[in-house]
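The values are calculated or read from the model by the stated rules, or taken from the named source; none is laboratory data. Everything numeric here is computed off the predicted structure, so don't read it as measured data. All Cβ positions, even for glycine, are placed from backbone atoms using ideal geometry, and neighbour counts span all protein chains on display.
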Amino acid sequence: MKLGLFTAALPGLSIEDIAGWASGTGFQMLEIACWPADEGKDRKYGGVVHIDTKKLDSAKVEEIQAMLSEKGLSISSLGYYPNPLDPDIEARNHCIHHLKSVIAAAGRLGVSTVGTFVGRTWDPAATGRVWQKDIDLNFEQFEKVWPDLVKYAADNGVKIAIEHCPMLWADTWPGGSNLPYSPALIRRMFETIRDENFGLNFDPSHFVWQHIDYIRFINEFKDRIFHVHAKDMDIDRDMLYEDGIVTCGFRWQRPRLPGMGLIDWKKLITTLYDVGYNFVLSIEHEDRNFEGTEALVKRGFLVAKKTLEMHII
């Protein structure tokens, strides 16, 4: 198993600068943020362009590959996390078009995996959202949009790794903007699309606040885990007392670096070894205690690395 990091937490640096620092501090892989320049900047850690897939000609491919090879690094995934089921068809098509650009770029770069979201839709004309009807509507749209994307990825020699973050915000509550956030929904997703190149970017932090057993999940979905985000989660108990669980954690979820939250990393990594996972732990840095400056963000990555490397070979 290798240690990597997701570059989205370092938006002010070039991919060359990030690679130089990551290599010098002992990281082995990079998950590279690949948003389009005109999207995602309204969202924290969104809109980061460390590889512009629309400008990725043969010369640029060779330049990136040579640079990473010189530094002893490889790419675990290209990451782009939009809403490909957006009810605004223009916005949806924009996401799908760029996601295909990222998939094609991964194929040209020889990268095995693209990390992304399924997305989620809703009926803008509805006066209310009935949970089961909303789920069924989403799976109808999922079946229209995603088989083509999965096939496109396969044609490019790429695997799709879906992250299961609910993407809950005040304006998307209670459904969020990403469909497969629980085992039941993820199971239904894989019953709908069974292609071998369609799997998961497993992030245990999203299960902590949902009270979902992340160890049991690894054992059930072991054959679908293509990539792992190493991110921890803590719960502010005082704020949970104030707001309750119906708020879904708007104020009581606290993303943490590995080792600073509630996840048992020794048990988690042991279970990943047990099921045969041997790819990457990619640190996704969203810890508020280590934000604000480049130096703090880098320190956060190193804190997480120190926690994880105790348990991997």
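Gly199: assigned to a strand (DSSP E or B), modelled with pLDDT of 90 or more, surrounded by fewer than 21 Cβ atoms within 10 Å (Cβ to Cβ) and under 20 Å from the mean Cα position of the chain (by Cα), yes or no?
yes
For Ile313, are the conditions met, namely being under 19 Å from the mean Cα position of the chain (by Cα), among the hydrophobic types (A, V, I, L, M, F, W, C) and assigned to a loop (DSSP other than H, G, I, E, B)?
Against the criterion (under 19 Å from the mean Cα position of the chain (by Cα), among the hydrophobic types (A, V, I, L, M, F, W, C) and assigned to a loop (DSSP other than H, G, I, E, B)), Ile313 does not qualify.
Give the residues of region 78-106 that are among the basic types (Lys, Arg) and either surrounded by 24 or more Cβ atoms within 10 Å (Cβ to Cβ) or assigned to a loop (DSSP other than H, G, I, E, B) (or both), sorted by residue number.
none
Within region 12-40, work out how many residues are closer than 14 Å to Tyr80 by Cβ and surrounded by fewer than 23 Cβ atoms within 10 Å (Cβ to Cβ).
5
Which condition number in (1) touching a strand residue (DSSP E or B) at 6+ places or on another chain (Cβ under 8 Å); (2) free of Cβ contacts under 8 Å to residues at least 24 places away in the same chain is the one that Asp38 fails?
(1)
Each row is one residue, and each column tells you yes or no for (1) acidic (Asp, Glu); (2) in a helix (DSSP H, G or I); (3) more than 16 Å from Val208 (Cβ to Cβ).
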position	(1), (2), (3)
Gly249	no, no, no
Arg254	no, no, no
Gly259	no, no, no
Lys267	no, yes, no
Asn289	no, yes, yes
Leu296	no, yes, yes
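Looking at this structure, is Asp17 among the charged types (D, E, K, R) and not in a helix (DSSP H, G or I)?
So Asp17 fails the test.
Let's see how each residue does on (1) farther than 23 Å from Leu73 by Cβ; (2) in contact with a Lys or Arg (Cβ under 8 Å, 6 or more places away or on another chain); (3) buried (at least 20 other Cβ atoms within 10 Å of the Cβ):
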{"residue": "Glu242", "(1), (2), (3)": "yes, yes, no"}
{"residue": "Ile245", "(1), (2), (3)": "yes, no, no"}
{"residue": "Phe250", "(1), (2), (3)": "yes, no, no"}
{"residue": "Ile263", "(1), (2), (3)": "yes, no, yes"}
{"residue": "Asp274", "(1), (2), (3)": "yes, no, no"}
{"residue": "Phe290", "(1), (2), (3)": "no, yes, yes"}
{"residue": "Glu294", "(1), (2), (3)": "no, no, no"}
{"residue": "Arg299", "(1), (2), (3)": "no, no, no"}
